[in-house]
Amino acid sequence: MFRRLLCAAALATTLALPAAAETVIKAGHGTTTGHPTHFALVRFAELVSEKTNGDVKVEVYPDRQLGEEREMVEGLQFGSVDMAVVSTGPLLAFAPEIGIVDLPFLFRDSPHVYATLDGDVGKDLLGKFDTRGIHGLAWWENGWRHLTAKKEISKPEDLTGLKLRTMQNPVHMAAFEKLGASPVPMVWGEVFTSLGQGVIDAQENPITVIYVNSLWEVQSHLMLTGHVYGPHVALFSKMKWDSLTPEQQAAVSEAAAEATGFQREKAAELEKDYLAKLKEKGMTVVEIDTTSFRDALRDLAASQQNIDPALLEKIQSVQ
Ligand code: EAX
(Lines give C-alpha, C1' and ligand atoms only; values in the text may rest on other atoms or scores of the structure.)
Protein backbone atom coordinates (compact mmCIF):
# COMPACT_ATOMS: atom_id res chain seq x y z
CA MET A 1 0.00 0.00 0.00
CA PHE A 2 2.71 2.47 1.02
CA ARG A 3 4.67 1.78 -2.23
CA ARG A 4 1.51 2.49 -4.28
CA LEU A 5 1.02 5.80 -2.44
CA LEU A 6 4.65 6.79 -3.10
CA CYS A 7 4.31 5.98 -6.82
CA ALA A 8 1.05 7.96 -7.04
CA ALA A 9 2.69 10.94 -5.32
CA ALA A 10 5.69 10.76 -7.66
CA LEU A 11 3.40 10.54 -10.69
CA ALA A 12 1.34 13.48 -9.48
CA THR A 13 4.50 15.57 -9.10
CA THR A 14 5.69 14.89 -12.64
CA LEU A 15 2.19 15.60 -13.98
CA ALA A 16 1.90 18.78 -11.89
CA LEU A 17 1.18 21.80 -14.08
CA PRO A 18 4.40 23.74 -14.80
CA ALA A 19 4.70 26.99 -12.83
CA ALA A 20 2.64 29.69 -14.53
CA ALA A 21 4.68 30.96 -17.50
CA GLU A 22 6.58 34.04 -16.37
CA THR A 23 5.38 37.31 -17.92
CA VAL A 24 8.29 39.44 -19.15
CA ILE A 25 8.08 43.23 -19.57
CA LYS A 26 10.76 44.74 -21.86
CA ALA A 27 11.36 48.31 -20.64
CA GLY A 28 13.61 50.79 -22.45
CA HIS A 29 14.89 54.33 -21.92
CA GLY A 30 17.05 56.70 -23.92
CA THR A 31 19.74 57.68 -21.49
CA THR A 32 22.55 56.00 -19.59
CA THR A 33 22.67 53.81 -16.47
CA GLY A 34 23.84 56.86 -14.47
CA HIS A 35 20.57 58.74 -15.06
CA PRO A 36 17.90 58.71 -12.31
CA THR A 37 15.44 57.09 -14.72
CA HIS A 38 17.63 53.99 -14.91
CA PHE A 39 17.69 53.74 -11.11
CA ALA A 40 13.91 54.14 -11.14
CA LEU A 41 13.38 51.36 -13.68
CA VAL A 42 15.62 48.99 -11.68
CA ARG A 43 13.62 49.82 -8.52
CA PHE A 44 10.36 49.43 -10.47
CA ALA A 45 11.51 45.97 -11.62
CA GLU A 46 12.21 44.91 -8.01
CA LEU A 47 8.79 46.17 -6.87
CA VAL A 48 6.92 44.44 -9.71
CA SER A 49 8.65 41.13 -8.92
CA GLU A 50 7.84 41.48 -5.21
CA LYS A 51 4.20 42.42 -5.84
CA THR A 52 3.61 39.53 -8.29
CA ASN A 53 5.59 36.91 -6.35
CA GLY A 54 8.00 36.69 -9.26
CA ASP A 55 5.29 36.03 -11.88
CA VAL A 56 6.12 39.26 -13.74
CA LYS A 57 9.74 40.10 -14.64
CA VAL A 58 10.85 43.52 -15.92
CA GLU A 59 13.92 43.56 -18.20
CA VAL A 60 15.56 47.04 -18.32
CA TYR A 61 17.21 48.20 -21.57
CA PRO A 62 19.13 51.52 -21.17
CA ASP A 63 21.07 53.64 -23.69
CA ARG A 64 18.55 53.48 -26.54
CA GLN A 65 19.03 49.69 -26.92
CA LEU A 66 15.35 49.52 -27.93
CA GLY A 67 15.71 52.56 -30.23
CA GLU A 68 15.60 56.34 -30.09
CA GLU A 69 12.77 57.70 -27.93
CA ARG A 70 10.33 58.09 -30.83
CA GLU A 71 11.10 54.55 -32.09
CA MET A 72 10.44 53.16 -28.62
CA VAL A 73 7.04 54.89 -28.46
CA GLU A 74 6.16 53.51 -31.91
CA GLY A 75 7.27 50.12 -30.55
CA LEU A 76 4.69 50.46 -27.77
CA GLN A 77 1.99 50.82 -30.40
CA PHE A 78 3.22 47.82 -32.42
CA GLY A 79 3.86 45.70 -29.33
CA SER A 80 7.61 45.26 -29.95
CA VAL A 81 8.36 47.36 -26.85
CA ASP A 82 6.37 46.77 -23.64
CA MET A 83 7.37 49.90 -21.65
CA ALA A 84 9.33 53.05 -22.44
CA VAL A 85 10.32 56.00 -20.29
CA VAL A 86 10.87 59.00 -22.55
CA SER A 87 11.07 62.77 -22.61
CA THR A 88 8.23 64.77 -24.13
CA GLY A 89 10.41 65.33 -27.21
CA PRO A 90 8.67 62.80 -29.47
CA LEU A 91 5.37 62.64 -27.56
CA LEU A 92 3.55 65.55 -29.19
CA ALA A 93 3.36 63.41 -32.34
CA PHE A 94 1.34 60.86 -30.34
CA ALA A 95 -0.58 63.13 -27.95
CA PRO A 96 -0.35 66.84 -28.94
CA GLU A 97 -2.06 67.88 -25.69
CA ILE A 98 1.14 66.92 -23.81
CA GLY A 99 2.85 69.97 -25.35
CA ILE A 100 1.52 72.24 -22.61
CA VAL A 101 4.07 70.89 -20.11
CA ASP A 102 6.85 71.96 -22.48
CA LEU A 103 6.02 75.65 -22.16
CA PRO A 104 9.07 77.50 -20.86
CA PHE A 105 8.64 78.97 -17.36
CA LEU A 106 5.22 77.25 -16.96
CA PHE A 107 6.01 75.71 -13.59
CA ARG A 108 7.12 77.81 -10.61
CA ASP A 109 9.17 75.08 -8.92
CA SER A 110 9.24 71.31 -8.32
CA PRO A 111 6.41 71.35 -5.71
CA HIS A 112 4.24 73.08 -8.35
CA VAL A 113 5.24 70.42 -10.91
CA TYR A 114 4.39 67.52 -8.60
CA ALA A 115 1.09 69.03 -7.40
CA THR A 116 0.08 69.45 -11.06
CA LEU A 117 1.28 66.15 -12.53
CA ASP A 118 0.20 64.03 -9.54
CA GLY A 119 -3.26 65.65 -9.59
CA ASP A 120 -6.12 65.46 -12.09
CA VAL A 121 -4.21 67.54 -14.68
CA GLY A 122 -1.47 64.90 -14.88
CA LYS A 123 -3.94 62.02 -14.83
CA ASP A 124 -6.01 63.59 -17.64
CA LEU A 125 -2.90 64.17 -19.75
CA LEU A 126 -1.74 60.55 -19.29
CA GLY A 127 -5.27 59.47 -20.32
CA LYS A 128 -4.77 61.12 -23.72
CA PHE A 129 -2.54 58.18 -24.73
CA ASP A 130 -5.30 55.56 -24.28
CA THR A 131 -6.75 56.01 -27.77
CA ARG A 132 -3.23 55.84 -29.29
CA GLY A 133 -2.41 52.26 -28.29
CA ILE A 134 -0.47 53.44 -25.24
CA HIS A 135 -1.23 53.29 -21.51
CA GLY A 136 0.19 56.28 -19.59
CA LEU A 137 1.63 54.92 -16.35
CA ALA A 138 3.46 57.69 -14.46
CA TRP A 139 5.21 61.06 -14.54
CA TRP A 140 8.85 60.37 -13.78
CA GLU A 141 11.52 63.06 -13.90
CA ASN A 142 14.18 63.99 -16.45
CA GLY A 143 14.73 67.31 -14.66
CA TRP A 144 14.83 71.10 -15.08
CA ARG A 145 16.37 71.86 -18.45
CA HIS A 146 19.38 74.23 -18.68
CA LEU A 147 21.31 75.71 -21.57
CA THR A 148 24.84 74.65 -22.61
CA ALA A 149 26.99 76.33 -25.26
CA LYS A 150 30.59 77.20 -26.23
CA LYS A 151 30.20 80.73 -24.79
CA GLU A 152 28.27 82.48 -22.03
CA ILE A 153 24.62 83.25 -22.82
CA SER A 154 23.07 85.75 -20.37
CA LYS A 155 20.32 87.35 -22.49
CA PRO A 156 18.29 86.33 -25.60
CA GLU A 157 20.48 88.51 -27.87
CA ASP A 158 23.37 86.14 -27.09
CA LEU A 159 21.40 83.38 -28.85
CA THR A 160 21.13 85.27 -32.16
CA GLY A 161 22.13 82.95 -35.02
CA LEU A 162 23.21 80.17 -32.67
CA LYS A 163 22.43 76.66 -34.02
CA LEU A 164 20.69 75.26 -30.96
CA ARG A 165 19.64 71.61 -30.86
CA THR A 166 16.14 71.09 -29.59
CA MET A 167 14.12 67.93 -29.10
CA GLN A 168 11.77 67.27 -32.04
CA ASN A 169 9.19 69.26 -30.17
CA PRO A 170 7.32 72.15 -31.82
CA VAL A 171 6.90 74.06 -28.54
CA HIS A 172 10.64 74.04 -27.84
CA MET A 173 11.46 74.87 -31.47
CA ALA A 174 9.06 77.85 -31.43
CA ALA A 175 10.45 79.06 -28.09
CA PHE A 176 14.09 79.12 -29.19
CA GLU A 177 13.20 80.66 -32.55
CA LYS A 178 11.42 83.46 -30.64
CA LEU A 179 14.54 83.92 -28.52
CA GLY A 180 16.62 84.46 -31.68
CA ALA A 181 18.36 81.08 -32.01
CA SER A 182 18.20 78.76 -35.02
CA PRO A 183 16.51 75.65 -33.59
CA VAL A 184 17.89 72.34 -34.95
CA PRO A 185 15.51 69.45 -34.01
CA MET A 186 17.59 66.28 -33.60
CA VAL A 187 17.35 62.84 -32.00
CA TRP A 188 19.37 62.57 -28.83
CA GLY A 189 21.78 59.94 -30.21
CA GLU A 190 23.28 62.46 -32.69
CA VAL A 191 23.77 65.40 -30.31
CA PHE A 192 27.20 64.69 -28.80
CA THR A 193 28.90 64.13 -32.17
CA SER A 194 27.10 67.10 -33.77
CA LEU A 195 28.34 69.39 -30.97
CA GLY A 196 31.87 68.06 -31.39
CA GLN A 197 31.79 68.61 -35.16
CA GLY A 198 30.26 72.10 -34.88
CA VAL A 199 27.10 71.05 -36.71
CA ILE A 200 25.30 72.60 -33.74
CA ASP A 201 26.58 75.14 -31.20
CA ALA A 202 24.35 74.58 -28.19
CA GLN A 203 21.72 72.37 -26.62
CA GLU A 204 19.53 72.24 -23.53
CA ASN A 205 18.97 69.39 -21.09
CA PRO A 206 18.85 68.59 -17.35
CA ILE A 207 22.12 68.47 -15.43
CA THR A 208 21.91 64.68 -15.11
CA VAL A 209 21.68 64.23 -18.90
CA ILE A 210 24.51 66.77 -19.45
CA TYR A 211 26.80 64.91 -17.05
CA VAL A 212 26.08 61.25 -17.85
CA ASN A 213 26.58 62.02 -21.56
CA SER A 214 29.94 63.80 -20.96
CA LEU A 215 28.76 67.02 -22.61
CA TRP A 216 31.49 68.91 -20.76
CA GLU A 217 33.83 67.57 -23.47
CA VAL A 218 32.00 69.54 -26.21
CA GLN A 219 30.34 72.41 -24.29
CA SER A 220 32.34 74.89 -22.17
CA HIS A 221 29.45 76.78 -20.53
CA LEU A 222 26.40 75.69 -18.53
CA MET A 223 23.79 78.43 -17.97
CA LEU A 224 21.39 77.52 -15.13
CA THR A 225 18.27 78.77 -16.93
CA GLY A 226 15.86 76.07 -15.71
CA HIS A 227 13.68 77.28 -18.58
CA VAL A 228 11.58 74.10 -18.84
CA TYR A 229 10.69 71.26 -16.48
CA GLY A 230 11.34 68.01 -18.34
CA PRO A 231 9.28 64.95 -17.35
CA HIS A 232 10.28 61.41 -18.25
CA VAL A 233 6.92 59.84 -18.99
CA ALA A 234 6.57 56.14 -18.12
CA LEU A 235 4.45 54.63 -20.91
CA PHE A 236 3.14 51.09 -21.42
CA SER A 237 2.08 49.28 -24.57
CA LYS A 238 -1.73 49.02 -24.51
CA MET A 239 -1.43 45.57 -26.14
CA LYS A 240 0.83 44.39 -23.32
CA TRP A 241 -1.26 46.14 -20.65
CA ASP A 242 -4.43 44.40 -21.79
CA SER A 243 -2.63 41.02 -21.70
CA LEU A 244 -1.95 41.40 -17.95
CA THR A 245 -4.41 40.12 -15.35
CA PRO A 246 -6.20 42.78 -13.25
CA GLU A 247 -3.98 41.79 -10.31
CA GLN A 248 -0.83 42.21 -12.43
CA GLN A 249 -2.07 45.59 -13.70
CA ALA A 250 -2.64 46.71 -10.10
CA ALA A 251 0.84 45.51 -9.12
CA VAL A 252 2.45 47.37 -12.06
CA SER A 253 0.52 50.57 -11.28
CA GLU A 254 1.49 50.43 -7.58
CA ALA A 255 5.13 49.74 -8.45
CA ALA A 256 5.17 52.69 -10.88
CA ALA A 257 3.67 55.00 -8.25
CA GLU A 258 6.18 53.92 -5.58
CA ALA A 259 9.07 54.24 -8.05
CA THR A 260 7.95 57.81 -8.86
CA GLY A 261 8.77 59.09 -5.37
CA PHE A 262 12.02 57.11 -5.33
CA GLN A 263 13.02 58.52 -8.72
CA ARG A 264 12.34 62.17 -7.84
CA GLU A 265 14.51 61.87 -4.70
CA LYS A 266 17.25 60.16 -6.71
CA ALA A 267 17.04 62.87 -9.38
CA ALA A 268 17.52 65.64 -6.80
CA GLU A 269 20.46 63.78 -5.19
CA LEU A 270 22.20 63.08 -8.51
CA GLU A 271 21.61 66.61 -9.83
CA LYS A 272 23.53 68.08 -6.86
CA ASP A 273 26.32 65.51 -7.24
CA TYR A 274 26.59 65.87 -11.01
CA LEU A 275 26.59 69.70 -10.93
CA ALA A 276 29.65 69.59 -8.65
CA LYS A 277 31.27 67.07 -11.00
CA LEU A 278 30.61 69.29 -14.06
CA LYS A 279 32.45 72.14 -12.31
CA GLU A 280 35.33 69.74 -11.52
CA LYS A 281 35.40 68.82 -15.22
CA GLY A 282 36.03 72.51 -15.97
CA MET A 283 32.61 73.69 -17.18
CA THR A 284 31.89 77.36 -16.50
CA VAL A 285 28.59 77.31 -14.61
CA VAL A 286 26.62 80.59 -14.83
CA GLU A 287 23.65 81.64 -12.66
CA ILE A 288 21.20 83.44 -14.97
CA ASP A 289 18.58 86.16 -14.35
CA THR A 290 15.90 84.78 -16.67
CA THR A 291 13.69 87.94 -16.71
CA SER A 292 14.67 88.89 -20.28
CA PHE A 293 13.99 85.31 -21.47
CA ARG A 294 10.57 85.27 -19.76
CA ASP A 295 9.65 88.63 -21.28
CA ALA A 296 10.63 87.47 -24.77
CA LEU A 297 8.40 84.39 -24.42
CA ARG A 298 5.31 86.06 -22.92
CA ASP A 299 3.03 85.39 -25.91
CA LEU A 300 4.42 81.96 -26.89
CA ALA A 301 1.49 79.96 -25.45
CA ALA A 302 -1.05 81.97 -27.49
CA SER A 303 0.88 81.13 -30.67
CA GLN A 304 0.72 77.35 -30.09
CA GLN A 305 -2.46 75.68 -31.42
CA ASN A 306 -2.23 72.67 -29.05
CA ILE A 307 -2.18 74.78 -25.89
CA ASP A 308 -5.61 74.93 -24.21
CA PRO A 309 -5.87 78.37 -22.53
CA ALA A 310 -8.25 76.99 -19.85
CA LEU A 311 -5.82 74.19 -18.98
CA LEU A 312 -2.95 76.70 -18.92
CA GLU A 313 -4.87 78.82 -16.41
CA LYS A 314 -5.68 75.72 -14.34
CA ILE A 315 -2.00 74.72 -14.17
CA GLN A 316 -0.92 78.24 -13.25
CA SER A 317 -3.47 78.27 -10.40
CA VAL A 318 -2.33 74.92 -8.91
CA GLN A 319 -0.85 75.53 -5.44
O1 EAX B 1 15.53 61.74 -22.36
O2 EAX B 1 16.28 64.33 -26.14
C3 EAX B 1 16.49 64.90 -25.06
O4 EAX B 1 16.99 66.04 -24.95
C5 EAX B 1 16.12 64.16 -23.80
O6 EAX B 1 16.15 65.03 -22.69
C7 EAX B 1 17.14 63.04 -23.54
O8 EAX B 1 17.03 62.13 -24.54
C9 EAX B 1 16.82 62.30 -22.24
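Structure above, values below:
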{"item": "Identity of the residue in segment 290-319, touching a residue at least 12 places away in the same chain (Cβ under 8 Å) and among the charged types (D, E, K, R), that ends up most open to solvent (accessible area, probe 1.4 Å)", "result": "294"}
{"item": "Every residue from segment 67-82 that is among the charged types (D, E, K, R), in contact with a Gly (Cβ under 7 Å, 6 or more places away or on another chain) and assigned to a helix (DSSP H, G or I)", "result": "69"}
{"item": "The listed residue being farther than 16 Å from residue 133 by Cβ, buried (at least 22 other Cβ atoms within 10 Å of the Cβ) and within 16 Å of the ligand (Cβ to nearest atom), out of 32, 88", "result": "88"}
{"item": "Residues of segment 35-60 classified as open to solvent by 10 Å² or more (accessible area, probe 1.4 Å), within 16 Å of the ligand (Cβ to nearest atom) and not in a helix (DSSP H, G or I), total", "result": "1"}
{"item": "Cβ-Cβ under 7 Å pairs, at least 6 apart or on other chains, segment 141-162 side on the phi > 0 side of the Ramachandran plot, far side open to solvent by less than 30 Å² (accessible area, probe 1.4 Å) and within 15 Å of the ligand (Cβ to nearest atom)", "result": "143/206; 143/207; 143/208; 143/230; 143/267"}
{"item": "Residue within segment 190-200 that is surrounded by fewer than 20 Cβ atoms within 10 Å (Cβ to Cβ), within 11 Å of the ligand (Cβ to nearest atom), within 18 Å of residue 63 (Cα to Cα) and free of Cβ contacts under 8 Å to residues at least 24 places away in the same chain present", "result": "yes"}
{"item": "Residue in segment 164-180 that is farther than 20 Å from residue 214 by Cα, at pLDDT 95 or above and surrounded by fewer than 17 Cβ atoms within 10 Å (Cβ to Cβ) present", "result": "yes"}
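The values are calculated or read from the model by the stated rules, or taken from the named source; none is laboratory data. Quick caveat, the model's predicted, so the values are computed rather than measured. Heads up, the Cβs are rebuilt from the backbone with ideal geometry, glycines too, and the neighbour counts pull from every protein chain shown. The accessibility values were calculated without ligands, DNA or RNA, using every heavy atom of the protein model including side chains. Shrake-Rupley method; radii C 1.70, N 1.55, O 1.52, S 1.80 Å.
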